[in-house]
């Protein structure tokens, strides 16, 4: 089986454990499940369509990145926007 991505040491250890059936499914507690459901409802799943203009160079680089990650191009763009909006991605200052 060929992989499209490289795993770090921790990820490889987890994969090995999964392949040896060392992980067991744990049913979530009712309180935890209720909390997660409320959170999902609060955030909603409404999706808005936008149109943007980007350079050919940026477009081609983003397509390559999406292929490397094994995800659709628009999913990658949406993920980057979400990470920036939630504060997990910030502009680098030199």
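Tabulated data
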| read-out | value |
| --- | --- |
| Potential extension, residue 89-residue 59 segment - 0.36 nm per residue separation minus Cα distance | 8.8 nm |
| Segments 5-16, 21-32, 77-88 sorted - mean Cβ within 10 Å per residue, highest first | 77-88, 5-16, 21-32 |
| Within a Gaussian network of the chain (alpha carbon springs, distance under 10 Å), most fluctuating of 18, 36, 67 | 36 |
| Label assignment, percent of Cα pairs over 16 Å apart derived from the structure, set (i) 71; (ii) 52; (iii) 76 | (iii) |
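Here, each number is a calculation from the coordinates, and none is a lab measurement. Only a predicted model underlies this, so the values are computations on that prediction, with no experimental measurement involved. Note that each Cβ is placed from the backbone with ideal geometry, even for glycine, and that neighbours are counted across all protein chains shown.
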